[in-house]
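Novice: Sharing a structure with you now.
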């Protein structure tokens, strides 16, 4: 599957009430989106568990059906100091 958009590595917003807007300008809703973390070359988002081993919510996307942008959020409780990358495939 060819990559038609790559955001490069980006920082998360300072808190969960803010988001990072990733503008892709494809003019169409992305069909396949890859959302990954990168912490010193380690790819992926770690699973963080809370009390009783219950997984905590991690970074997430909104506006994934917009034809020009995505919004990226990271909950404050999810302690991850890495960056993220968005890739859209054809």
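The values are calculated or read from the model by the stated rules, or taken from the named source; none is laboratory data. All figures in this text were calculated on a predicted structure; none of them were measured in a lab. Cβ placement follows ideal geometry from the backbone for every residue including glycine, while neighbour counts extend to all protein chains displayed.
Results for (1) in contact with a strand residue (DSSP E or B) (Cβ under 8 Å, 6 or more places away or on another chain); (2) surrounded by fewer than 13 Cβ atoms within 10 Å (Cβ to Cβ); (3) farther than 26 Å from residue 1 by Cα; (4) modelled with pLDDT under 95, shown as yes or no for each residue.
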{"site": "30", "(1), (2), (3), (4)": "yes, no, no, yes"}
{"site": "35", "(1), (2), (3), (4)": "yes, no, no, no"}
{"site": "47", "(1), (2), (3), (4)": "yes, yes, yes, yes"}
{"site": "52", "(1), (2), (3), (4)": "no, yes, yes, yes"}
{"site": "78", "(1), (2), (3), (4)": "no, no, yes, yes"}
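Novice: Just to verify a result, which residue in segment 30-49, among those that are in a strand (DSSP E or B) and without any contact (Cβ under 8 Å) to a residue 24 or more places away in the chain, is farthest from residue 90 (Cα to Cα)?
Specialist: Among those residues, the one meeting the criterion is 49.
Novice: Quick one: count up the residues across segment 60-76 that are under 25 Å from residue 2 (Cβ atoms) and in a loop (DSSP other than H, G, I, E, B).
Specialist: Looking only at segment 60-76, we keep the residues that are under 25 Å from residue 2 (Cβ atoms), and these are 61, 63-72.
Right, trim to in a loop (DSSP other than H, G, I, E, B) and you get 63-68.
So the count comes out to 6.
Novice: Restricting segment 80-90 to residues that are loosely packed, with under 15 Cβ neighbours inside 10 Å and in a loop (DSSP other than H, G, I, E, B), which is nearest to the chain's Cα centre (by Cα)? Even if it seems obvious, please write down each step before you answer.
Specialist: Step one: of segment 80-90, the residues loosely packed, with under 15 Cβ neighbours inside 10 Å are 81, 89-90.
Those still in the list that are in a loop (DSSP other than H, G, I, E, B) too: 81, 90.
On the way: 81: 13, 90: 18 Å.
So, considering only residues that are loosely packed, with under 15 Cβ neighbours inside 10 Å and in a loop (DSSP other than H, G, I, E, B), the one nearest to the chain's Cα centre (by Cα) is 81.
Novice: Would you check if residue 52 is part of a helix (DSSP H, G or I) and without any contact (Cβ under 8 Å) to a residue 60 or more places away in the chain?
Specialist: On the way: part of a helix (DSSP H, G or I): yes; without any contact (Cβ under 8 Å) to a residue 60 or more places away in the chain: yes.
Judged against the criteria, residue 52 is a match.
Novice: Need pairs with beta-carbon distance below 7 Å; first residue part of a strand (DSSP E or B) and within segment 1-29, second exposed (fewer than 13 other Cβ atoms within 10 Å of the Cβ); sequence gap 6+ or separate chains.
Specialist: Within 7 Å, the pairs are 4/90.
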